[in-house]
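Structure first, commentary second.
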């Protein structure tokens, strides 16, 4: 299995630009999670989906952030407009929830720098 | 409220010395407990997990952890640390939802440095 795939691995953009991060979960997993990691705040859960439906988006910092999961094999996290304080590493993770095991498998992350 | 506390932000040990990383949790139901490791520039990798049964669980890379319900703890241990163990370690707690969302709550992490 290829594991969780994220793209791009690195993104450098200017303030005000739109940024789209992409994630392909592990095949057969029915839950998908987006996290943000910074030195100051550590690992924060932004939003998670179960069977393609957003379950909890209370971690999304503000309306500039949006996430979609149009099908079981693809999700996007969009920031529009981006700001320097959005600079962080964004992780996607997936799990096979509901089978007595909530182990999450993490992707390699996208390092976002907003200038 | 559900929470995970890792009291040590940064720990330094000598190579070959033993290691214990602390984790305390607050969770209303029977917890599922996890330890993840993150090497620099990498994603998180699962070291071990506890669901039920034997409270001492073995993981990869020679790590083990012990679940102590009375202390709400799940400390990670390794008898002899290797330089390659230098990384950040995260404790996490979740529940058996049996069809529910399966969210995990992560601690803030403990950064481990290894002296030669």
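Each of B:115, B:108, B:78 was scored by other Cβ atoms within 10 Å of its Cβ. Listed from fewest to most, they are B:115, B:108, B:78. Kirkwood Rh and Cα-based Rg: tell me the resulting Rg over Rh for region A:1-85, rounded to two decimals. Radius of gyration over Kirkwood radius for region A:1-85 works out to 0.96. This ranking places A:32, A:115 by how few other beta-carbon atoms lie within 10 Å of each, fewest first, which gives A:115, A:32. Here the Gaussian network model covers chain B, with springs between Cα atoms less than 10 Å apart; of B:69, B:77, B:22, B:69 fluctuates the most. When every Cα-Cα distance of region B:32-75 is counted in 10 angstrom steps from zero, the calculated P(r) takes the values 27, 51, 19, 3 percent.
Determine the percent antiparallel among the DSSP beta bridges restricted to chain B, to the nearest 5. Given both bridge residues lie in chain B, the antiparallel proportion sits at roughly 85 percent. Which residues does the label zone of residue B:115 cover in region B:49-88, counting backbone N under 16 Å from a point 7 Å along Cα→Cβ? Only B:81-83, B:86 fall inside the zone, counting backbone N under 16 Å.
Over all projection directions, the Cα-based convex hull of the protein assembly as shown averages an area of 12.7 nm². In terms of other Cβ atoms within 10 Å, A:11, A:83 run from fewest to most in the order A:83, A:11. Quarter the surface of the alpha carbon convex hull of region B:4-116 and you get the mean projected area, 7.1 square nanometres. From the square roots a ≥ b ≥ c of the eigenvalues of the alpha-carbon gyration tensor of region A:44-115, which class results: rounded (a/c under 1.5), prolate (a/b over b/c), or oblate? Prolate is the answer for region A:44-115, as a/c is 1.5 or above and a/b outweighs b/c. Between B:65, B:17, B:87, which gets the highest mean-square fluctuation from a Gaussian network model of chain B, Cα cutoff 10 Å? Among B:65, B:17, B:87, the largest mean-square fluctuation in the Gaussian network model of chain B belongs to B:17.
Where a number appears in this text, it was derived from the coordinates with a stated rule and is not lab data. These numbers were taken from a predicted model, which means no experiment stands behind them. Cβ sites come from the backbone with ideal geometry, for glycine too, and all protein chains shown count toward neighbours.
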